[in-house]
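Encoded as structure tokens, the structure appears first; notes follow it.
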Amino acid sequence: MISALKLNLCECWAIGKPIQASKSTQQGASQEEKRDKLTALWTIFSFLNHSCNHNTSRYSIGNFIFIRAIKPIREGEEITTFYLPPDTKFEERQSLLLNTFGFTCQCENCEGYRQLSISEKELIAEIDDSFRLKFSNFKDHLEVYENLYAIAKQTIMQKGFYLREFSKLQVQLIIAYARSYNTNSFLEVWEEYVKRIRCPEEILEIMTYTKRLVPPFSEHEIVQKKFKELFKLHYGDEDQLLQAFA
Ligand SMILES: [Zn+2]
């Protein structure tokens with residue numbers, strides 16, 4: 001009984017202050033994590049199955065969880081959520097889903113990845129390795145990121161499924177272009193990035209990186225404008241949320 005309950009516990013980003021934080025969140029977590037995350041058991045929400053290509057996002061206000069469609073859902077189509085952060089690497093995702101929840105994911109994303117050629121998987125590994133170059137060396141490695149991105153766009157990205165590595169690469173480029181006030185390139189990658197954002201976590205991730213790595217963030221009008229649009233699209237009220245992260 002207890003293990004069944006644990007399996008259905010859901011971690012969710014909270015808007016405003018959560019009424020009750022989970023035990024694990026209270027211990028060993030930063031102040032920021034305590035403020036932003038809520039773990040609870042929502043009975044109806046527990047019926048939703050996982051897909052790496054899920055069609056809803058979630059967030060909570062107080063004790064309530066809100067589920068929002070993140071893309072058009074056809075009549076009769078299953079409503080799905082994510083059991084793991086969507087940017088978890090393929091191999092890690094499979095292992096966690098199997099060991100924690102007892103199933104192998106066969107969503108279109110996972111099936112798509114399995115069908116990639118060896119050279120395409122090598123390209124993904126190369127992109128993944130490039131992240132070790134760290135954000136602090138952006139300028140030195142911008143060319144590397146740009147080249148990898150250009151190749152990836154021509155090949156794997158055209159297949160249309162979500163890959164964490166591309167998402168991270170896009171974030172790296174967005175930060176680099178925002179830092180250098182390269183507005184045209186910033187907008188180009190931004191539009192490609194937001195097209196496939198799946199959940200608030202991804203917005204918060206890029207927001208956190210951008211605020212930390214693009215000083216002074218407040219002077220980047222175009223960056224601010226784009227974040228406001230994004231928040232409005234996913235949450236409905238951009239001002240309240242921007243204040244929460246001010
Ligand atoms: Zn999957």
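Tabulated data for the structure shown
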quantity	calculated
The stretch 75-85 - residue that is in contact with a helix residue (DSSP H, G or I) (Cβ under 7 Å, 6 or more places away or on another chain) and within 12 Å of the ligand (Cβ to nearest atom) and, of those, modelled with the highest pLDDT	83
For residue 98: the one exception among (1) closer than 19 Å to residue 8 by Cβ; (2) touching a residue at least 24 places away in the same chain (Cβ under 8 Å); (3) within 12 Å of the ligand (Cβ to nearest atom); (4) part of a helix (DSSP H, G or I)	(2)
Search result, residues across the stretch 109-125 that are surrounded by fewer than 14 Cβ atoms within 10 Å (Cβ to Cβ) and either modelled with pLDDT of 85 or more or within 10 Å of the ligand (Cβ to nearest atom) (or both)	111, 114, 115, 117, 118, 119, 122
Condition broken by residue 10, with the remaining ones in (1) in contact with a helix residue (DSSP H, G or I) (Cβ under 7 Å, 6 or more places away or on another chain); (2) modelled with pLDDT under 75 satisfied	(2)
Any hit, the stretch 61-74, residues being within 15 Å of the ligand (Cβ to nearest atom) and either within 18 Å of the chain's Cα centre (by Cα) or in contact (Cβ under 8 Å) with a residue 12 or more places away in the chain (or both)	no
Residue within the stretch 129-146 that is over 17 Å from the mean Cα position of the chain (by Cα), more than 16 Å from the ligand (Cβ to nearest atom) and at pLDDT 85 or above present	yes
Residue match in the stretch 109-116 (condition: assigned to a helix (DSSP H, G or I) and charged (D, E, K, R))	yes
Residue match in the stretch 101-108 (condition: within 14 Å of residue 155 (Cβ to Cβ), more than 10 Å from the ligand (Cβ to nearest atom) and not in a helix (DSSP H, G or I))	no
Pair list, Cβ < 6 Å and 6+ apart or interchain, from the stretch 40-57 residues that are within 15 Å of residue 103 (Cβ to Cβ) and within 16 Å of the ligand (Cβ to nearest atom) to residues that are among the hydroxyl-bearing types (Ser, Thr, Tyr) and not in a loop (DSSP other than H, G, I, E, B)	48/81; 49/80; 51/80; 54/80; 54/81
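The values are calculated or read from the model by the stated rules, or taken from the named source; none is laboratory data. Just so we're clear, the structure is a prediction, and the values are computed from it rather than from any experiment. For neighbour counting, all protein chains shown are included, and Cβ atoms are generated from backbone atoms with ideal geometry for every residue, glycine included.
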